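Trainee: Attaching a single structure in structure tokens format; questions to follow.
The values are calculated or read from the model by the stated rules, or taken from the named source; none is laboratory data. Only a predicted model underlies this, so the values are computations on that prediction, with no experimental measurement involved. Here the Cβ positions follow ideal geometry from the backbone for every residue, glycine too, while neighbour counts run over all protein chains shown.
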Amino acid sequence: MARAIYLLPLVLFMVLATYFAVSLRPNHDIHELPSAMIEKPAPAFDLAGLGASKPLALDGLKGHPFVINFFASWCVPCRIEHPLLMRLAEQNHLPLYGIDYKDKPEDGSHLLATFGDPYRQVGVDRDGRVGLNFGVYGVPETYVVDSTGVIRKRFVGPLNAETVDKELLPLLKHLDQS
């Protein structure tokens with residue numbers, strides 16, 4: 001038993017060394033959260049539309065690659081990414097659809113009326129079930145879905161111009177040509 005106490009620091013050191021070796025490997029993004037949904041069919045949904053928006057259903061989106069952005073009026077990072085989404089919508093770069101996540105519909109409508117509506121359609125996920133099925137940890141989260149309804153990429157947190165230019169738009173272009 002006394003020898004086991006002397007081995008404890010060595011075991012702890014080995015555990016920490018392994019953790020750091022895995023975490024600090026090249027091309028490892030510590031901010032990327034794994035998703036079990038990548039390369040799997042997007043969960044089916046049929047949501048009521050927000051405000052004057054038509055209902056939003058997965059089946060109606062298939063046939064071309066598209067982007068789903070989960071947002072909420074109470075989400076500060078969503079407001080940070082909103083001007084970028086507006087710019088992309090004005091330039092018509094993204095087939096962008098929104099899902100108002102765990103939010104009061106009137107608050108989501110007020111947000112879009114105040115800051116602009118970058119979405120082609122917006123669905124209301126008041127209880128968060130659709131977000132849960134997608135594996136949403138928190139908002140904003142953005143998913144790229146191919147024309148057959150398979151999730152190809154997930155972006156956690158607010159999008160920024162660099163991520164859009166280097167990852168999202170090239171992926172959409174590739175999927176559109178496939």
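Trainee: Among the residues that make up region 79-89, is at least one of them at pLDDT below 95, farther than 24 Å from G149 by Cα and among the small types (G, A, S)?
Mentor: Looking for residues that are at pLDDT below 95, farther than 24 Å from G149 by Cα and among the small types (G, A, S), one finds none in region 79-89, hence no.
Trainee: Right, something else. Quick one: is G108 at pLDDT 95 or above and at positive phi?
Mentor: The answer is no for G108.
Trainee: Please tell me if H82 is surrounded by 14 or more Cβ atoms within 10 Å (Cβ to Cβ), assigned to a helix (DSSP H, G or I) and not charged (D, E, K, R).
Mentor: So H82 fits the description; yes.
Trainee: Being farther than 30 Å from S109 by Cβ and among the polar types (S, T, N, Q) is the filter; apply it to region 1-49 and report the residue that is modelled with the lowest pLDDT.
Mentor: Among them, the one singled out is N27.
Trainee: Among the residues of region 105-116, are any closer than 17 Å to E141 by Cβ and touching an Asp or Glu at 6+ places or on another chain (Cβ under 9 Å)?
Mentor: Yes, region 105-116 contains at least one residue that is closer than 17 Å to E141 by Cβ and touching an Asp or Glu at 6+ places or on another chain (Cβ under 9 Å).
Trainee: Given the condition over 23 Å from E39 (Cα atoms) and not in a strand (DSSP E or B), answer yes or no: does some residue in region 149-160 qualify?
Mentor: Yes, because at least one residue in region 149-160 is over 23 Å from E39 (Cα atoms) and not in a strand (DSSP E or B).
Trainee: Give the residue that is farthest from the chain's Cα centre (by Cα), with candidates limited to residues of region 85-96 that are in a helix (DSSP H, G or I) and farther than 23 Å from G128 by Cα.
Mentor: Per the stated criteria, the residue is E90.
Trainee: Continuing with this model, one more query. Of all residues being surrounded by fewer than 22 Cβ atoms within 10 Å (Cβ to Cβ) and touching a Lys or Arg at 6+ places or on another chain (Cβ under 8 Å) in region 112-134, which is farthest from A36 (Cα to Cα)? Just the residue, please.
Mentor: Checked region 112-134; the qualifying residue farthest from A36 (Cα to Cα) is F115.
Trainee: Can you name the number of the only condition in (1) part of a helix (DSSP H, G or I); (2) closer than 16 Å to S53 by Cα that I99 fails?
Mentor: (1)
Trainee: Search region 81-107 for residues that are within 24 Å of A42 (Cα to Cα) and pair each with any residue that is surrounded by 14 or more Cβ atoms within 10 Å (Cβ to Cβ) and of a type in the set (K, R) when their beta-carbon atoms are under 6 Å apart and the residues are at least 6 apart or on different chains.
Mentor: Once the first residue is within 24 Å of A42 (Cα to Cα) and sits in region 81-107, its partners that are surrounded by 14 or more Cβ atoms within 10 Å (Cβ to Cβ) and of a type in the set (K, R) give Y97/R120.
Trainee: While we're looking at this one, here's another question. Every residue in region 123-162 that is touching a Ser or Thr at 6+ places or on another chain (Cβ under 9 Å) and without any contact (Cβ under 8 Å) to a residue 24 or more places away in the chain, please.
Mentor: Passing the criteria: only F155.
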